[in-house]
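One structure is given below, encoded as structure tokens.
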Amino acid sequence: MRVNIFDIDAKGNAKITKAVKDIWYLQYIVDTYGEQNALKLFQIFDKCYDLNPQTNVFANLPEDKKFETILRSTYPELETIIDLEDDVIIQALDLVEELYETEKYRAHKAIKIAYNRVIDELKFTHVSLSKEDGNMGEINKALSAFEDLNKKLSSSYKELEEEMNMIQVRGDGKKRRKIQEDLE
């Protein structure tokens, strides 16, 4: 089950939580850069590691570009206010990642990273059909691996959904009605 370090309401506004006060790295960020700037940075931290696309529009971004993309897209002014190379901020970001990770989260994220690497490799591969330097055999192997990774990515995401209690309404909403009936 995912831990809740940050209290972020439906409008996307964050609040200082007991977890923030208890974790030295996070409290240091609040004390050093001010509560409003820290809360913006914590929202970015949360979006970096929340893999639920129902609650995070950035969930499907490639992992290696996530922080920079989220920062530029949400609070670009923080780059001039906060020293993002500060060791404490880097350690805080690493800690948030570790706290969010479960076994299924790590498995899904690893498969997602491999999947994106295959996509990038295929995207930039020169295709040659010539007898001397033809590479269709290697491309076919990559496409086969891509197909396998696609199935594993889908499977790992379903497991992550179950673990995180993410609910997707499909079809006519029978699943949601069943869950609502069970709750009543």
statement: Considering region 114-127, residues that are assigned to a helix (DSSP H, G or I) and either of a type in the set (Asp, Glu) or loosely packed, with under 13 Cβ neighbours inside 10 Å (or both), and then whichever is nearest to the chain's Cα centre (by Cα), we arrive at Asp120
task: Look at region 86-113 and say how many of its residues are assigned to a helix (DSSP H, G or I), in contact (Cβ under 8 Å) with a residue 40 or more places away in the chain and not aliphatic (A, V, I, L, M).
output: 8
- prompt: Across region 62-85, what is the total count of residues that are surrounded by 13 or more Cβ atoms within 10 Å (Cβ to Cβ) and touching a residue at least 40 places away in the same chain (Cβ under 8 Å)?
  reply: 5
query: Here are some residues: Asn56, Asn37. Which one is surrounded by fewer than 18 Cβ atoms within 10 Å (Cβ to Cβ), touching a helix residue (DSSP H, G or I) at 6+ places or on another chain (Cβ under 6 Å) and part of a loop (DSSP other than H, G, I, E, B)?
result: Asn56
message: Quick test for you: out of Ile179, Ile82, Ile90, Ile111, pick the one residue that is modelled with pLDDT under 85 and not basic (Lys, Arg).
response: Ile179
message: Suppose we keep only residues that are at pLDDT below 90 and among the charged types (D, E, K, R) within region 50-77. Which one would you say is nearest to Ile5 (Cα to Cα)?
response: Asp50
query: So how many residues does region 59-85 have that are in a loop (DSSP other than H, G, I, E, B) and of a type in the set (Ser, Thr, Tyr)?
result: 1
task: Kindly provide the set of residues from region 1-34 that are over 22 Å from Glu79 (Cβ atoms), surrounded by fewer than 14 Cβ atoms within 10 Å (Cβ to Cβ) and among the polar types (S, T, N, Q), ordered by number.
output: Asn4
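The values are calculated or read from the model by the stated rules, or taken from the named source; none is laboratory data. No experiment lies behind these values; they were computed from the predicted model shown. Because the Cβ atoms are built from the backbone with ideal geometry, glycine has one as well, and the counts that use them run over all protein chains shown.
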